[in-house]
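This is the structure I have questions about; it appears just below.
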Amino acid sequence: MEPRSQSRARVLLNLFTVALLAGVCALLVLSLLEGRPHALGPATVTVRPKLGSGITYFAIPPLGTVSAKTHSGPLSLTATLTKIDFSALSGAVDKRSPRDALVDDVERDLRSLVFRISREWLVVASIAGALVGALWPRRRLAHVAAGAVGGIIATGASIALIVAAFDVEAFREPAFSGTLRRAPEVIRAAEAGLNSLDDLRSRYETLADRVSRLLALVANPASDPDLGGVAILHISDVHSNPLGLEIANQLARSFSVDAVIDTGDLTSFGEPIEAQLRRLIREIPVPYLFVAGNHDSLANRSIIAKVRNVKLLDSDTARIGDVIVLGVADPTFTASGDISTEEGNQIRLGRSDDVASVVDETAPDVLAVHDIRLASESIGRVPVVLAGHTHEGMLEEDQDTALFTVGSTGATGLGAFTAEADMSYEAEILYFRDQRLIALDYVSLHGLGDDFEVQRKTFETIAP
């Protein structure tokens with residue numbers, strides 16, 4: 001016969017296995033269930049968990065979805081607006097002090113919402129866990145109890161991780177997916193200002209403040225929060241794709257930018273016909289600063305420079321508000337094949353000392369080049385460097401210099417029209433205040449339509 005101690009250990013191990021499996025199954029069941037509607041101020045929302053990496057999503061039709069990495073643990077949260085009392089919301093927005101009343105309503109409901117949802121999830125988890133125990137081979141009542149306890153422990157621990165670690169300030173750098181025309185308003189509402197957090201009393205009120213701003217946008221489509229300062233649209237590598245310039249035009253208007261900086265490869269082959277893109281550039285309603293790339297021939301550079309809103313920068317500066325931009329055109333033209341890629345890279349590295357000398361002379365706030373190699377000796381001498389060339393978005397900070405490489409605004413060019421192409425149209429908007437870079441919106445469009453993804457990044461230390 002098996003010793004009693006071994007038999008007891010085997011039973012305990014068996015019960016522990018049931019509890020562990022029940023906990024995992026309980027989380028899976030929760031992620032599959034649709035959330036029940038709950039009141040949140042003048043709105044009705046559903047909240048559902050799903051297995052994920054701690055991201056909170058606010059889905060607010062017709063604005064889109066705003067998300068941020070807010071907590072740790074195995075669950076992400078999705079809150080979806082399903083119904084809204086427009087008369088109550090519009091009345092709140094129209095009052096003399098709409099924000100205070102709306103925040104109070106949302107905060108009050110938010111607190112009770114957390115307790116109601118936690119209770120519901122624990123009940124569902126206990127039932128799901130008990131079912132796992134009931135289905136266990138050679139089950140006993142102890143298996144059912146172990147399953148229920150396992151479901152409660154796994155779910156309760158996940159809820160505790162969310163509540164303890166939830167970081168509302170993560171929405172200072174939100175991601176947005178939805179219709180571009182509302183993107184600036186939604187991102188700014190989710191961010192809710194860089195200086196407002198000190199005035200809020202709790203995480204509940206901070207979150208209520210974010211939600212109420214988003215709800216106010218639903219009731220007041222004309223709302224247009226303004227970051228102030230200077231906004232610059234950075235594009236690059238259009239590569240003769242007219243849709244790239246159409247998107248740039250749409251971005252310039254939607255985000256109310258003060259200027260566009262194009263860091264080159266507007267064209268691809270250097271042929272005169274490609275300069276017809278100047279007609280689309282002329283329609284962009286703000287100054288267009290053109291820093292030529294290695295696919296822009298001297299002839300096309302000259303033609304583009306004659307467009308009324310274009311300023312060709314080649315070791316020249318331009319002022320956008322109080323922001324000084326130095327542009328240095330690429331010293332090579334490689335589309336003809338006369339210069340190899342490696343030779344072009346060496347030429348740019350060789351010219352980097354000359355670029356650094358111009359930086360020292362002009363003291364710009366922004367250095368714009370096509371290939372970041374040209375700026376390699378300017379790191380630490382200029383606050384911001386903009387570049388393209390690689391067709392990949394990248395941000396690096398080195399010696400108090402922020403280096404931004406934007407992906408292809410033309411989705412790498414005419415290849416974007418082929419069925420096998422899977423590149424996105426990319427651009428970025430940089431926001432300056434008192435010559436300091438304070439925020440960046442990185443925009444990506446997959447396919448042809450009006451739906452964009454916008455990722456915000458904020459800065460506090462980058463200064464001239």
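Bear in mind these aren't lab numbers, they're just calculated from the coordinates by the rules spelled out. Please read these numbers as outputs of a predicted model, since none were measured by experiment. So basically every Cβ, Gly included, is an ideal-geometry build from the backbone, and we count neighbours across all protein chains shown.
Sorting T267, T362 on the 10 Å Cβ count, fewest up front, what's the list? Intermediate results must be reported in sequence, preceding the final value.
On the way: T267 27, T362 15.
In order of increasing Cβ crowding within 10 Å: T362, T267.
With +1 on the Cβ of every Lys and Arg and -1 on the Cβ of every Asp and Glu, and nothing else charged, how large is the dipole of the stretch 230-458 about its Cα centre, in debye rounded to the nearest 20?
Values: 17 positive and 37 negative charges, 179 e Å.
That gives the stretch 230-458 a dipole magnitude of about 860 debye.
Sticking with this structure for a sec: Can you tell me which of 40-52, 314-326 comes out highest on packing, and rank the rest after it, using the mean Cβ neighbours within 10 Å?
Working: 40-52: 20.2, 314-326: 17.9.
Going from most to least packed, we get 40-52, 314-326.
To continue, here is another question. Evaluate the relative contact order of the stretch 230-458 (contact order divided by residue number), counting alpha-carbon pairs under 8 angstrom at least 6 apart; express in whole percent. It would help to have the intermediate numbers written out before the result.
Numbers: 585 pairs, mean separation 47.0, N = 229.
21 percent.
Here is a follow-up. List the lysines whose Cα lies under 29 Å from the Cα of K83, skipping any in the same chain that are fewer than 8 positions away.
K50, K69, K95
Next question. Per residue, how big is the convex hull of the stretch 320-364 when only Cα atoms are used? Give it in Å³.
Working: hull volume 3.1 nm³, N = 45.
Dividing the Cα hull volume of the stretch 320-364 by its residue count gives 70 Å³.
Right, next: Could you check how many percent of all C-alpha pairs in the stretch 230-458 are farther apart than 21 Å? Don't skip to the answer; put the middle values down first.
Working: 13040 of 26106 pairs.
The share of Cα pairs beyond 21 Å in the stretch 230-458 comes to 50 percent.
How big is the stretch 21-88 by Rg and Dmax over its Cα atoms, in Å?
13.5, 48
Further question: Fewest to most neighbouring Cβ within 10 Å: what's the order for F115, F459, F58, F16?
Working: F115 9, F459 18, F58 25, F16 12.
Ranking F115, F459, F58, F16 by Cβ neighbours within 10 Å, fewest first, gives F115, F16, F459, F58.
Can you find, among Q435, H446, A329, the residue sitting farthest towards the positive end of the charge dipole of the stretch 230-458, where Lys and Arg contribute +1 and Asp and Glu -1 at Cβ?
Looking along the dipole axis, the top candidate is Q435.
May I ask you to list the GluC sites (Glu not before Pro) in the stretch 326-435 that are in a DSSP loop and have at most 16 other Cβ atoms within 10 Å of their Cβ?
Working: sites: E342, E343, E361, E377, E392, E396, E397, E420, E426, E428; in loops: E377, E392, E420.
Answer by residue number: E392, E420.
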